[in-house]
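For reference, the structure is listed below as structure tokens.
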Amino acid sequence: MCGIVGYIGERKAFPILLEGLKRLEYRGYDSSGISLLNGELKTFKKKGKVSELEKFEEAVNSHATIGIGHTRWATHGKPDDINAHPHHSGNNRLALVHNGIIENYGTLKEYLISEGHEFRSETDTEVLVHLIEQIQESKNLDLESAVRYALQKVVGAFAIAVIDREHPNIIVGARKSSPLVVGIGDNEFFIASDATPIIKYTNQIIYLDDDEVVTISRDDNPQIRSLDNKLVDYHIEQVDLKLEEIEKGGYDHFMLKEIYQQDESIYEAMRGRINAGEGWVKVGGMQDHYNRIENAERFIIVACGTSWHAGLIAEYLFEELARIPVEVEYASEFRYRNPIIGPKDVVIALSQSGETADTLSALELAKEKGALIYGIVNNVGSSIARITDCGSYIHAGPEIGVASTKAFTSQLVVLTLMALDLAHKRGTISERNFQALISEFELIPQKVKKVLQQAAHIKSIASEIKSASNALYLGRGYNFPIALEGALKLKEISYIHAEGYPAAEMKHGPIALIDMYMPVIVIATNKNAYEKIFSNVQEVKARKGIVIAIVSEGDTEIKKIADFTIEIPNTDDVFSPLLSAIPLQLLAYYIAVMRGCNVDQPRNLAKSVTVE
Ligand code: F6R
């Protein structure tokens, strides 16, 4: 978490850094700060949103053309003005911004205190800038060398940018396990956690690798060295990201825009990978390792949060269609429990950001043990995308709202395509069924459009239940993970406590919670278990719960007993999560807006969880 940005060039740095931080706010938003160098080193920082920085008149009026900025998601030290970045060295010569965690900061701090350093904040980051200062002064080194030396003593994850009052023409950056990119403009250079603050000025981007240190200066090309001081050849990539993709485009919130984009994003995830007319499905990412994937003893899916829910649906897909055993793991649990993994396993990582620290570490572990690593990722060039052996991008486009929506459905598309491709090649599905399924699959973007047309109706249901304190989500089969996902969406953006359950599990405990105040959202579109779900709805109604049922068009039975129904187009159970997820996203969105919550930046959360 945390977003960092730096600028050096001919323009005023402050507005560029401020705007850049606003674009990075999805990575953390509990405090922010900017340091500017204009003869003197001046730092302006404040608890709260990035917009707080606009109140520093001196910064707004500054003519400084070099600076660094940071938007924070607190790890060490509470969110306040003092713990906000940038942090200064003791001699106030250096300012540093950091994304990540310095794990051995305690030992380093003790050593620095013994050397006479005094600390102002509770952060691990301040230790790093003092360490650089200590090395710079004791060894009489230039900034870049001092940064390299210091980082060799650091255990943990970092993306940093540092400026030095005595070297006003350079910014030094470095990364390990946290993303950092460099933008190359016209007589100006940028450094940032991702390309979004840069794209307005240039699409020429260098993605830094782990253990690399970059120096950007006003009058030279960027120089990249490894931590052990070897010059690194780098590659400048042209990033295909348009400014309008990272703006709200007339919607009140990014989340709403992203929900509404799903007919297109689902289509984009399918494009070139399926052709019902010609009767094929082809997931290019699997091609080079097809043998190993097809003959895998097991798929292990690792992910966190919403991506983990997509993984749960994949378990149903791969097992039912391709008959491959699947385990779905929380990445954070997987890596710490000495899992049994071998060369016959395929480990599939699901991640929108491609930067989630737990998922990344789980993959490193699986790789060490010889498994084939497959990544299903949205962010092109992200850390996960780069360490996998093979994989598929989901092509959802930038997802900026903190609550994941379109990335989730696009992940499902890729997973469904993989399951169909494997099922067809392994002969675990009849040709007739395969053709029927892929024909139906191509209709999904149109059907998504129809679901979106129900937004006004869903909004009216939201107004009926917006004051609830708790909510229960129930689903079976493919829609059980959708119940989990619906509950997660509601709790993370509206702060209503919500639980998702397999519908049949309700009677083993949660039924005790049901009373006339409890909204129970039932996903009841399943063809396979309709009668069973119907009974579950009756059980809820018998206890006076408020039933909001997602049903298939033409449903008559559940409609009769539910308090509210949302109809979605008929489809095969295999594809039903792609449709049923959407009303739940909209329901959570409208409830959160009605409760006055900041849906794009819910409290305590960040979009990209780059700390373990
Ligand atoms: C919830 C949400 C999170 C993410 C999780 C994993 O709406 O967005 O639960 O799904 O932090 O993130 P990625 O997919 O980037 O690895």
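The values are calculated or read from the model by the stated rules, or taken from the named source; none is laboratory data. Computed from a prediction, not measured in an experiment: that's the story for all the values here. Here the Cβ positions follow ideal geometry from the backbone for every residue, glycine too, while neighbour counts run over all protein chains shown. Surface accessibility is based on the protein's heavy atoms, side chains included, excluding ligands, DNA and RNA. Shrake-Rupley method; radii C 1.70, N 1.55, O 1.52, S 1.80 Å.
Some points to look at:
- Against the conditions (1) in contact (Cβ under 8 Å) with a residue 24 or more places away in the chain; (2) open to solvent by 10 Å² or more (accessible area, probe 1.4 Å); (3) more than 34 Å from the chain's Cα centre (by Cα); (4) closer than 15 Å to Leu474 by Cβ, Ala529 satisfies every one except (3).
- Residue check for Lys248: more than 16 Å from the ligand (Cβ to nearest atom), closer than 30 Å to Gly20 by Cα, open to solvent by 60 Å² or more (accessible area, probe 1.4 Å) and touching a Phe, Trp or Tyr at 6+ places or on another chain (Cβ under 7 Å): yes
Rundown of residues vs (1) assigned by TED's automatic domain parsing to the domain that holds Asn598; (2) open to solvent by less than 50 Å² (accessible area, probe 1.4 Å); (3) under 29 Å from the mean Cα position of the chain (by Cα); (4) under 28 Å from Gly370 (Cα atoms), yes/no style:
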site: Gln223; (1), (2), (3), (4): no, no, no, no
site: His235; (1), (2), (3), (4): no, no, yes, no
site: Glu264; (1), (2), (3), (4): no, no, yes, no
site: Tyr267; (1), (2), (3), (4): no, no, yes, no
site: Gly277; (1), (2), (3), (4): no, no, no, no
site: Val281; (1), (2), (3), (4): no, yes, yes, no
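- Beta carbons closer than 8 Å, at least 6 apart along the sequence or on distinct chains, pair a first residue in region 593-612 that is more than 21 Å from Thr125 (Cα to Cα) and within 12 Å of the ligand (Cβ to nearest atom) with a second that is open to solvent by 40 Å² or more (accessible area, probe 1.4 Å) and outside any loop (DSSP other than H, G, I, E, B) for Val599/Val593.
- Residue that is nearest to Asn275 (Cα to Cα), among those in region 401-449 that are within 16 Å of the ligand (Cβ to nearest atom) and open to solvent by 10 Å² or more (accessible area, probe 1.4 Å): Ser404
- Tyr105 over 24 Å from Ser608 (Cβ atoms) and open to solvent by 10 Å² or more (accessible area, probe 1.4 Å): no
- Tallying residues that are closer than 22 Å to Thr75 by Cβ and among the aromatic types (Phe, Trp, Tyr) within region 1-43 yields 2.
- Contacts under 7 angstrom Cβ, first residue in region 50-74 being in the same structural domain as Leu24 (by TED's automatic domain parsing), partner crowded, with 19+ Cβ neighbours inside 10 Å and acidic (Asp, Glu), 6 or more apart: Val50/Glu25; Thr71/Glu25; Arg72/Asp30; Trp73/Asp30; Ala74/Asp30
- Selection status of Gly305, touching a Ser or Thr at 6+ places or on another chain (Cβ under 9 Å), in contact (Cβ under 8 Å) with a residue 40 or more places away in the chain and on the phi > 0 side of the Ramachandran plot: yes
- Strands (runs of 3 or more DSSP E) contained in region 295-398 and holding at least 2 residues crowded, with 20+ Cβ neighbours inside 10 Å and within 13 Å of the ligand (Cβ to nearest atom): 298-303, 345-351, 372-377
- Any hit, region 552-561, residues being of a type in the set (Ser, Thr, Tyr), surrounded by fewer than 23 Cβ atoms within 10 Å (Cβ to Cβ), under 19 Å from Pro481 (Cα atoms) and away from the ligand (no atom under 16 Å from the Cβ): yes
- Subset of region 216-245 (residues that are in a strand (DSSP E or B) and hydroxyl-bearing (Ser, Thr, Tyr)): Ser217, Ser226
- Inspection of region 10-30 finds a residue satisfying the criterion of being touching a Gly at 6+ places or on another chain (Cβ under 7 Å), basic (Lys, Arg) and not in a loop (DSSP other than H, G, I, E, B).
- Val593 open to solvent by 20 Å² or more (accessible area, probe 1.4 Å), in contact with a Leu (Cβ under 9 Å, 6 or more places away or on another chain) and within 16 Å of Ala462 (Cα to Cα): yes
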